[in-house]
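> Have a look at this one before I ask anything.
The values are calculated or read from the model by the stated rules, or taken from the named source; none is laboratory data. No experiment lies behind these values; they were computed from the predicted model shown. Ideal geometry is used to build each Cβ from the backbone, glycine not excepted, and the neighbour counts take in all protein chains shown.
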Amino acid sequence: MMHVVQSVEGTAIVLVVHGRLEFSALRKFDDALTKAEETHPAHIILDLSHTGFIDSGGVGRLVATFRRLGKSSIRFTLTNQSSLVDRLLRDLCIHSIIPTVASVEDALNLPALP
């Protein structure tokens, strides 16, 4: 079962997704994002180090989240994805849409959105 652990790093919120990010888990994912957004962070970092699988519903939600947060001037970055998840995101060219970096530390060093 998927769950999300939230932590605060300065003006950023780090969400660590544990489990499979799939259609049946999207409500929990959305709840975690809503909770994070309520704090008005400058940056939401999605740590996928404990995510073994993302289905089409999960990929769609990532892109929709990136677009929605961008309208609110909140940076959204993916990090720490496994080789399987990284390959999926690259095959779908998600890296060309959503910024993706190697670590949470790298994400924290990105400049704020204008």
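> Under the condition of being assigned to a helix (DSSP H, G or I) and either hydrophobic (A, V, I, L, M, F, W, C) or touching a helix residue (DSSP H, G or I) at 6+ places or on another chain (Cβ under 9 Å) (or both), which residue from region 78-89 is surrounded by the fewest Cβ atoms within 10 Å (Cβ to Cβ)? Let's see the steps before the verdict.
Applying the first criterion (assigned to a helix (DSSP H, G or I)) to region 78-89 yields 83-89.
If we keep only those that are either hydrophobic (A, V, I, L, M, F, W, C) or touching a helix residue (DSSP H, G or I) at 6+ places or on another chain (Cβ under 9 Å) (or both) too, we end up with 84-86, 88-89.
On the way: Leu84: 12, Val85: 22, Asp86: 16, Leu88: 18, Leu89: 21.
Looking at the filtered set, the residue picked out is Leu84.
> Same structure again: Limited to region 97-114, what total is found for residues that are assigned to a helix (DSSP H, G or I) and either within 12 Å of the chain's Cα centre (by Cα) or at pLDDT below 95 (or both)? Walk me through it before giving the result.
At the first step, the residues of region 97-114 found to be assigned to a helix (DSSP H, G or I) are 104-108.
Subset that is either within 12 Å of the chain's Cα centre (by Cα) or at pLDDT below 95 (or both): 104, 107.
Summing the residues that are assigned to a helix (DSSP H, G or I) and either within 12 Å of the chain's Cα centre (by Cα) or at pLDDT below 95 (or both) in region 97-114 gives 2.
> May I pose another question? Could you tell me whether any residue of region 60-77 is over 20 Å from Leu113 (Cβ atoms) and either assigned to a loop (DSSP other than H, G, I, E, B) or aliphatic (A, V, I, L, M) (or both)?
no
> Of the conditions (1) buried (at least 18 other Cβ atoms within 10 Å of the Cβ); (2) on the phi > 0 side of the Ramachandran plot, Ser73 clears all except one; give me its number.
Only one criterion is unmet by Ser73, namely (1).
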